[in-house]
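Note sheet for the following structure.
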């Protein structure tokens, strides 16, 4: 099944419009809403992929980045099959060549294995490199947050205080 998730650009409110309903959106949605993702759900397994058609990042790179993240975080396990190129392309409403290019890039990176005639499967991942990749991603996010805080005029002590409050809440 496919669900379409729309996000109003001026708020954080999400509205889900299931594909099997006749829900219509009243009013003009030219620049008010962005298609965020479709959901592919084979056999009780849901894989959420966010495709932003207005992004400057090519669609195949969006697919690669998200599948890479799911593999590194363990959401997609070793040996787990990915949807076929045709099925995923159809569900996401993108070209099969785009999905093929994404799968080829993932295979080039050693994250998936394609068995011709059988499908594409998640390859064995090195847990140490996966852990290092997660640490690097967290470091990058924290670095971005610190940069934003400094642009907002916060001092190092104020940033540390905020971080300590966040850690205490967790």
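Annotations for the structure displayed:
- Test for residue 86: is it modelled with pLDDT of 90 or more, surrounded by fewer than 16 Cβ atoms within 10 Å (Cβ to Cβ) and touching a helix residue (DSSP H, G or I) at 6+ places or on another chain (Cβ under 7 Å): yes
- Selection of region 89-99 for residues being touching a residue at least 12 places away in the same chain (Cβ under 8 Å) and either over 14 Å from residue 47 (Cβ atoms) or loosely packed, with under 14 Cβ neighbours inside 10 Å (or both) yields 93, 94, 98.
- Test: residue 117 is free of Cβ contacts under 8 Å to residues at least 60 places away in the same chain, exposed (fewer than 10 other Cβ atoms within 10 Å of the Cβ) and not in a helix (DSSP H, G or I): yes
- Residue in region 55-69 that is nearest to residue 95 (Cα to Cα), counting only those that are part of a loop (DSSP other than H, G, I, E, B) and touching a helix residue (DSSP H, G or I) at 6+ places or on another chain (Cβ under 9 Å): 58
- Screening the candidates 152, 130, 96 for the property of being within 30 Å of residue 166 (Cβ to Cβ) and either at pLDDT 90 or above or within 15 Å of the chain's Cα centre (by Cα) (or both) yields one hit, 152.
- Of the residues making up region 100-114, those that are exposed (fewer than 15 other Cβ atoms within 10 Å of the Cβ) and either on the phi > 0 side of the Ramachandran plot or outside any loop (DSSP other than H, G, I, E, B) (or both) are 107, 108, 110.
- Matching residues, region 71-93, being assigned to a loop (DSSP other than H, G, I, E, B) and more than 14 Å from the chain's Cα centre (by Cα): 77, 78, 79, 80, 82, 83, 84, 93
The values are calculated or read from the model by the stated rules, or taken from the named source; none is laboratory data. Since this is a predicted model, take the numbers as computed values, not measurements. Positions of Cβ are generated from backbone atoms using ideal geometry, with glycine treated the same way; all protein chains shown enter the neighbour counts.
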